[in-house]
Amino acid sequence: MRKFGSIADQVLVSGGNFLTIAICAHVFSLSEQGKFTYIFASYMALLLLNVAGIFQGAAVRAPAQDSTYQTSLARLQLLQAALFSLLISVTWFGAGNIFGWQATATEAGLLFAFLILQQLADFDRRSAYIFSGTRRAVYSSAALYPLRIIGLLVIRPETVSQVLLVLIVSAIIPAVLTISAASKSRSKAAPSWLDATKAHIAYSKLFIAGAPLGWLWSYIPIFMLGTMHGKEQAAVLASIRGISNIANVLMEQLETKVVADWARVHHGSGTHVMKAAVSRLLKFGIIFWLSGMTVVVVFGREIVTLVLGNIYVPHWHLLVIGWGGYGVYFLARVSGIKHRTLGANQVEFIGNLCGVVAAIAAGFMFIPAFSAAGAAWVYAIISAAMLIGQMSYARK
C-alpha cells in the first residue's frame with residue numbers, strides 16, 4: 001500500500017509538471033514558451049538546492065534526531081526560499097536580456113511569488129516522506145497539482161504572467177502548511193534552531209556544494225542553445241525533453257521514498273539487505289526504460305504531435321535521443337544514491353562535477369553546429385560522464 005501511495009504521489013507531481021509544460025506549449029508562441037522554459041529552469045535550480053541542502057541529509061539523519069528536527073528544517077526552508085527567490089527574480093529583471101528575456105517588474109514580482117510558494121509547497125510534500133508517511137505526501141500533492149492543471153485548462157493563459165498567477169494560487173495550501181510547521185514552538189530542552197541548523201548544514205555540505213553542479217549540467221545545454229540559437233530553440237528542446245520526464249514517476253521515487261527506505265534498511269538490517277534492494281530497483285528500471293524506448297521509437301512522432309502540437313513535430317527525433325540519455329542517467333542516479341546512503345557522499349559530487357565538465361566541453365562541440373539536436377546529444381554525453389566518473393571514484 002505504501003508503494004502504491006508513493007507511485008500515486010509521483011504520478012501527481014510528474015504528471016502535473018508534464019501537463020503544465022504541455023498545456024503551455026499548446027497555447028503559447030515559441031517566444032512565450034521560451035520564457036516559461038527559463039522560469040522552469042529557475043525553479044529547478046532552487047529545487048536542486050533545497051533537495052541538497054535539506055532533504056538529502058534529512059533522509060539519512062532523521063531516524064537519529066528528535067521531534068524538533070522537522071521544525072528546524074521548515075525554518076531553514078523558509079529563510080532559504082525567501083533569499084534565493086528574491087535573488088533569481090532580481091537577476092531576471094536586471095540581466096535577463098543576456099538570454100533574450102528581460103523580465104518586466106510585473107513578471108519579476110510574480111516570479112518571486114511563485115518561486116517562494118512553490119518551494120514551501122515542495123517542503124510540505126518532501127518532508128512528509130521523512131517525518132509523516134507516504135499518505136501525507138499524496139495529500140499534499142493532491143492539494144496542488146489537480147487545481148493547477150484545471151486552472152490552466154480553464155483559463156488557457158496566453159502570457160507567462162497569466163501562467164504564473166495560476167501556479168501561485170495552486171501552491172498556496174501546502175505552502176501555508178509549511179509556514180505552520182515553521183511556526184511551531186520548540187521545547188526548552190531541544191538544541192537552539194541555530195545549533196540544529198549548523199549541524200544539519202555541516203552534514204549536508206557536500207550535497208550543497210554539488211547542487212549548483214547538478215543544476216549546471218542540467219541546464220547548461222539549454223542556456224547555451226538559447227544564447228547561440230535563440231530562446232525559441234531552447235523552448236523546443238526543453239518542451240520535448242519534458243515528455244521524457246514521464247520517467248520522473250520512477251526517478252523522483254529515488255530522492256523521496258527510496259533513499260529514506262534504504263537509509264532505514266541500512267540502519268536496521270545492514271548493508272547486504274540494502275544492496276539487494278538496489279539490485280531489484282535496477283532491474284525494474286531497466287525494464288521500464290527498454291519498454292519506453294520501444295514506444296518512443298515506434299510512436300515518437302505521434303506522441304510529440306499529441307502532447308505539444310504540430311509546431312514541434314519536425315524535432316520529434318529529439319525525444320528518442322532524450323530517452324536514450326535518460327536510461328544512462330537512471331544508472332548514474334541509482335549509483336550515486338546508493339553510495340550516499342552508505343556514507344560516501346563524495347561520489348555524487350564527483351559525478352556532478354564530471355557532468356558539468358562534459359556539458360561545457362560537449363556543448364561547445366555540438367550545439368553551434370547541430371542546434372537543438374546537438375544539445376540533445378550533449379545530455380546523453382553528460383549522463384555517461386557522470387556514471388563513469390562515479391564508478392571510477394567509487395573504485396578508488
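The values are calculated or read from the model by the stated rules, or taken from the named source; none is laboratory data. Worth saying up front: this structure is predicted, and the values here are computed from it rather than measured. Note: ideal-geometry Cβ built from the backbone for every residue, glycine included; neighbour counts use all protein chains shown.
Take the conditions (1) part of a helix (DSSP H, G or I); (2) more than 16 Å from Ala41 (Cα to Cα); (3) hydroxyl-bearing (Ser, Thr, Tyr); Ser185 misses just one of them, which is (1).
Contact map, region 63-84: first residue exposed (fewer than 15 other Cβ atoms within 10 Å of the Cβ), second residue assigned to a helix (DSSP H, G or I), Cβ cut-off under 8 Å, separation 6 or more or different chains; pairs are Pro63/Ala263; Pro63/Arg264; Pro63/His267. Across region 238-245, not a single residue is classified as at pLDDT 70 or above, of a type in the set (D, E, K, R) and surrounded by fewer than 19 Cβ atoms within 10 Å (Cβ to Cβ). Only residues that are at positive phi and either under 19 Å from the mean Cα position of the chain (by Cα) or assigned to a helix (DSSP H, G or I) (or both) were counted in region 334-380, giving 1. For region 1-12, residues that are within 21 Å of Val307 (Cβ to Cβ) and either polar (S, T, N, Q) or at pLDDT 90 or above (or both) total 2.
Looking only at residues in region 135-145 that are assigned to a helix (DSSP H, G or I) and within 19 Å of the chain's Cα centre (by Cα), the one that is farthest from Ser67 (Cα to Cα) is Tyr145.
Cβ-Cβ contacts under 6 Å between residues 6 or more apart (or on different chains), taken from a first residue in region 197-216 that is farther than 12 Å from Gly57 by Cα to a second residue that is in a helix (DSSP H, G or I) and charged (D, E, K, R), are listed as Gly210/Glu348. Give Asp66, Asp9 a once-over and let me know the one that is of a type in the set (Asp, Glu) and closer than 29 Å to Arg156 by Cα. Residue meeting the stated conditions: Asp9. Of all residues in region 138-148, exactly one satisfies the criterion of being in contact (Cβ under 8 Å) with a residue 40 or more places away in the chain and more than 15 Å from Gln118 (Cα to Cα), namely Val138. From the list Ala369, Ala394, the one residue that fits, being at pLDDT below 90, surrounded by fewer than 19 Cβ atoms within 10 Å (Cβ to Cβ) and of a type outside the set (Asp, Glu), is Ala394. Of the candidates Ala171, Ala189, Ala211, the single residue that is crowded, with 18+ Cβ neighbours inside 10 Å and modelled with pLDDT under 90 is Ala211.
Scan Ser279, Ser383, Ser291 and give me the residue that is small (Gly, Ala, Ser), within 26 Å of Phe55 (Cα to Cα), free of Cβ contacts under 8 Å to residues at least 12 places away in the same chain and part of a helix (DSSP H, G or I). None of the others qualify; the one that does is Ser279. When the residues of region 114-153 are filtered to those that are modelled with pLDDT under 95 and of a type in the set (Val, Ile, Thr), the one that is farthest from Ser89 (Cα to Cα) is Thr134. The listed residues are Val307, Val378, and the only one of them that is under 30 Å from Ile23 (Cα atoms) and surrounded by fewer than 23 Cβ atoms within 10 Å (Cβ to Cβ) turns out to be Val307.
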